[in-house]
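Please read the structure below before turning to the comments.
Each reported figure results from applying straightforward, stated rules to the coordinates on display, with no laboratory input. For clarity, every value in this text was computed on a predicted model and none was experimentally measured. Glycine also receives a Cβ, built like all others from the backbone with ideal geometry; neighbour counts cover every protein chain displayed.
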Amino acid sequence: MKENRGRIEALERLIVRYQNSYYNGEAEISDAEFDLLWDELKTIHPKSIVLAGVGKDIADGFPKAKHLIPMGSQEKAANPEEFRIWAEKAAAREDFGGFLAQYKLDGASLELQYEKGRLLRAVTRGDGTLGDEITPNARRMQGVMAELGGGKNAGAFSGGVRGEVVMIHNTWKEKYADKANCRNAANGLMRRKDGAGSEDLSFIAYDVSALGNDAFFPSETAKIDWLKKRGFAVTESREFSRAEEIIAWREETARKRETLPYDIDGLVVKDKTTDSADLRRARPERQIAFKFDLETAFSILRAVEWSESGATYTPIGIVDPVRLAGTTVQRANLNNPDMIRALGLKTGSAVSMVKRGEIIPKIEGLAPPGALETGKLEDIVFPSVCGSCGTALKDEGTRLLCPNTGCPKRLHHRLEKWVSVLDIRELGEKLLRQLFDSGRVRNISDLYTLTVEELASCERMGEQSAAKVIRHLRSRRELPLQVFTAGLDLEGVGELIMERAVSAGYDTLEKLASAGAADLAGIWGIGNITAETIVRGMGELKEEIGHILAAGIISIAPPPGKDEQPLRGFSFCFTGELKTMKRSAAEEQVKALGGSVKSAVGRDLSYLVTNDTESGSAKNKKSRELGVAIIGEEAFLALLRKPGSAGRVKAQGELF
Ligand SMILES: [Zn+2]
C-alpha cells in the first residue's frame, strides 16, 4: 500500500507536469508515453484527482476543470428602479447584515484553487461549472500567489479565491494597443498556450470560499479583510446601509470611470451576511450586478449576410462603421428570422446596437426617431434554398435551416467536429475534404472502414503517413458520453451542455436517446430549443451511432456508478499524525470517494479521525460533547475499503 502510494504520487506529479508543458507548446514526451502514464495511474488509482478534476479538453487544447463552487449567473440591475426592488427585498431578510458594494471589474473571471495554502489550479469561468485550467499562465500573472502569505494559518487554507483578470490601461497603451480594448487583450493573453504576456495581466480578488467549511468566513467584509491579509489585491469596496447611498456611489463612480487604472462596468452589491447556500445557486439572490448605463451606438444597416454553420443559417448585419465600447463595429448579430420580422428591419434602417461582452455586438432595435437619417429602405432577402444541396430552407422562426439530414454541408461539418473532438490531428482539413468530395467518407462510421491503401492513394500522402492516420483512427477509445455526443455535432450542442444532461442522470446512451425534450429542458442550463435540438439529433443519428459503435473502436464509457461516491454527505476531521499515510493523502482519498474534509469539529461533522481516541485534545473533547463519532486509523482504513458502511456506522453513533 505504502509503495503504491509513492508510485501514485509520482505519476500524478508527472502527468500534471507533462500536461502543463504540453499546453505550453513544449511537449517533453510523446503522446504515447503520456498515455502510458495516464493508463497506469488509471489502473492503480482510478479515483485520483488528477484523472478526475482535469480532463483533456480536445476542442480548444486546454484541460477542463470543475469549479469548487459553480459560478452562477449574476442577478442584474440596469437602472436604479431595478436596483431598489432588489435592495428592498434584501433589507427585509431577517439576517440582513447591511450592504457591501464593490467595483465590478470588466475582465475575465478566474478561480484560484488552493490546497493547504498552495495554488493547485486556476480555472476560467467557462460555463460556470467547468472552465479551462490555465494554471501555468496564472502563475505568471501579477497578484496570483503560488503560496498564500500572511502568517502561519495561511498554510491551512483550502478553498477558492475568485477574482478578475484585468489589463491595466497603461499596459494596453504601451504594448497591446492593437487589441480592441483591455478586456479583449486580457482574454487573449490568459489563454495563450505558450503563456507569453501573462505577466502583463493582473489578478484582482473579490470573493473567497473555504472548502468544506461554510462557517470559515463570518461575513462578506471578513472575506475582503482575509484576502488583503493574504496579500491579494482586492477590488475597491465600501459598506452601506441604504440603497440610495449606493445609487449615488454608482453615479459618482461612473463619472470617474475613465480615470481608473482598469475597466469597470458597474458595481456588485452584496448582503454582508455570508450565505454559502445562496452562492451555490444558479442565480444567487443575495448579490446583484448594478451595471452602469449601457453604451449604445447607432448606425445604418447596409446588408445582411447569412452565416452558415452546420445546418443553420444565421443573419449577420453589416453596418456603417461606428465606435462602440472601445471598438469599431461593422458587423452585428441579428440572431434569427423572427428578430428581423419583430423589429420590422430593412436594409437602410437606422439601428441601435449594444455590446454585452459578446465578440460582435447585437442589434437590439431601431434607433430612436431623429438619431440618424435612414438609408434607402429595402426588404431583407432570406435565402430560400440551401447553397450546398439546393433543398428548400425551413424557416422555424428562431432558426433558418436546411432540413436535409444528408446535406453535404451538414455532413462535412459533422466530420470536422468529430475529428476535432477526438483530436485526430493527422487527419487534416485537406485530407478530410478529399475523402469527403470523393464520396468515400460521408459519415463518421466511414472513417473506421478506411484502409492504409486507400489513404496512401490520396494526394500528398505516402504509405507512412497513411499508416499513421489509420493507427490514430484505430486506437481504441472509450469516450465519456458527453464527449461522444458532442462529437456528433448535434447542431452546435457542445460538451458542456451534454455534461449537464449526463450529470442530471441521462448518463447512458439508452437513457439519453429515450429522453424527451421536456425532460431535458427541465435541466438547469438547458433551454427548450437546445433540448429539442438534442432530441431531434439523437433521433436522426440513431442508425449512424449504431454504425460507429459497431466498428468496435469507439465505445462509450460506463457512467460513474453511485458507489463511486459512497462517502458523499460524510465529513471527516483529522487530528494528530496517521501511521500509514500522510494526512494530505488521507484527505485526498476521502474527497475522491465523495466525502468532505473539515478543519474544525462542528455539529455537522461525521467523523473525527485520530490515533489517540482517549486524548484530552480540544477536538476530542468537542467531538464528545457534540456526539460526533471518533474513530481510529484502522477503522478509518476499514471505512476506505468498505465505504458503504459509513452510513451504518454513523447511524449507530458507534465509537471504535
Ligand atoms: Zn443543404
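Which distance in Å, rounded to a whole number, links the C-alpha centroids of the range 195-254 and the range 115-172?
Going from one Cα centre to the other spans 14 Å.
Which of the peptides 522-529, 408-415 is most tightly packed, and how do the rest follow, going by the mean number of other Cβ atoms within 10 Å of each residue?
Per-residue Cβ counts within 10 Å, averaged per peptide and sorted highest first, yield 408-415, 522-529.
Normalised by the residues of the range 186-274, what does the relative contact order come to in percent, with Cα pairs under 8 Å and at least six apart? Walk me through the numbers before you get to the answer.
On the way: 51 pairs, mean separation 24.7, N = 89.
For the range 186-274, the relative contact order is 28 percent.
Pairs of Cα atoms under 8 Å, at least six residues apart: use those to get the relative contact order of the range 408-556, whole percent.
Computed value for the range 408-556: 25 percent relative contact order.
Return the whole-Å distance between the Cα centroid of the range 270-316 and the Cα centroid of the range 427-459.
Between the Cα centre of the range 270-316 and that of the range 427-459, the gap is 41 Å.
Quote the Stokes-Einstein diffusion coefficient, in whole µm² s⁻¹, for the range 298-386, based on the Kirkwood radius over alpha carbon pairs, a temperature of 25 °C and a viscosity of 0.890 mPa s. All intermediate terms of the calculation are to be shown ahead of the outcome.
Working: Rh = 13.3 Å.
Rounded to a whole number, D works out at 185 µm²/s.
Rounded to the nearest 0.05, what FRET efficiency do residue 244 and residue 283 give with R0 = 35 Å and r taken as the Cβ-Cβ distance? Could you check?
Working: r = 25 Å, r/R0 = 0.72.
Result of the calculation: an efficiency of 0.90.
With N denoting the number of residues in the chain, provide Rg(C-alpha) divided by 2.2 N^0.38 Å, to two decimal places.
So the chain has a normalised radius of gyration of 1.07.
Measuring from the lowest to the highest alpha carbon on each principal axis, how far does the range 198-238 reach, largest first, in angstroms?
Principal extents (Cα only, largest first): 36, 25, 13 Å.
If we count other beta carbons within 10 Å of each Cβ, what is the order of 38, 418, fewest first?
38, 418
Among the GluC sites (Glu not before Pro) in the range 304-375, which ones are in a DSSP loop with at most 12 other Cβ atoms within 10 Å of the Cβ? Mind listing them? Write out the running numbers ahead of the final one.
Numbers: sites: 305, 308, 358, 364, 373; in loops: 358, 373.
Counting only loop positions with at most 12 other Cβ atoms within 10 Å, the GluC sites (Glu not before Pro) in the range 304-375 are 358, 373.
State the extension gain, in nm to one decimal, for the chain segment bounded by residue 47 and residue 327, taking 0.36 nm per residue of separation less the distance between their alpha-carbons.
Numbers: separation 280, 0.36 × 280 = 100.80 nm, distance 4.70 nm.
So the chain would gain 96.1 nm between residue 47 and residue 327.
Would you please give the FRET efficiency between residue 259 and residue 293, computed as 1/(1 + (r/R0)^6) with r the Cβ-Cβ distance and R0 = 30 Å, to the nearest 0.05?
0.95
Set the bar at 24 Å for Cα to Cα. Now go through 579/642; 228/270; 104/272; 179/346; 409/542; 223/256 and name every pair that lies beyond it. Each step should come with its number before you reach the end.
Details: 579/642 20 Å; 228/270 18 Å; 104/272 16 Å; 179/346 32 Å; 409/542 20 Å; 223/256 26 Å.
Listed pairs above 24 Å: 179/346; 223/256.
Take residue 509 and residue 140, extend 7 Å from each Cα along the Cα→Cβ direction, and tell me the distance between the two endpoints in nm.
Calculated label separation equals 4.2 nm.
If packing is taken as the average number of other Cβ atoms within 10 Å across a peptide's residues, how do 580-589, 197-206, 467-476 rank, most packed first?
In decreasing order of mean packing, 580-589, 197-206, 467-476 become 197-206, 580-589, 467-476.
Give the calculated FRET efficiency between residue 429 and residue 307 to the nearest 0.05, with a Förster radius of 25 Å applied to their Cβ-Cβ distance.
Result of the calculation: an efficiency of 0.85.
Could you sort 40-47, 88-95, 532-539 so that the peptide with the highest average Cβ count within 10 Å comes first and the rest follow in order?
So the order, starting with the most tightly packed, is 532-539, 40-47, 88-95.
Between rounded, prolate and oblate, where does the range 75-291 land on the alpha carbon gyration tensor, with a ≥ b ≥ c its root eigenvalues, rounded for a/c under 1.5, else prolate if a/b exceeds b/c?
Cα axes put the range 75-291 in the oblate bin.
How high is the relative contact order of the chain, in percent, with contacts defined as C-alpha pairs under 8 Å that are six or more residues apart?
Values: 1117 pairs, mean separation 61.5, N = 656.
Relative contact order, the chain: 9 percent.
Setting aside same-chain residues fewer than 8 positions from residue 229, which lysines have a Cα under 16 Å from its Cα?
152
Scan around residue 206 for amide H atoms under 5 Å from its own, H built in the peptide plane at 1.01 Å from N, and keep only partners 5 or more places away or cross-chain.
Counting only residues 5 or more places away or on other chains, the set is 162, 163, 164.
Using amide H atoms built in the peptide plane, which far-off residues or other-chain residues are under 5 Å from residue 97 H to H?
For residue 97, the qualifying residues are 272, 273.
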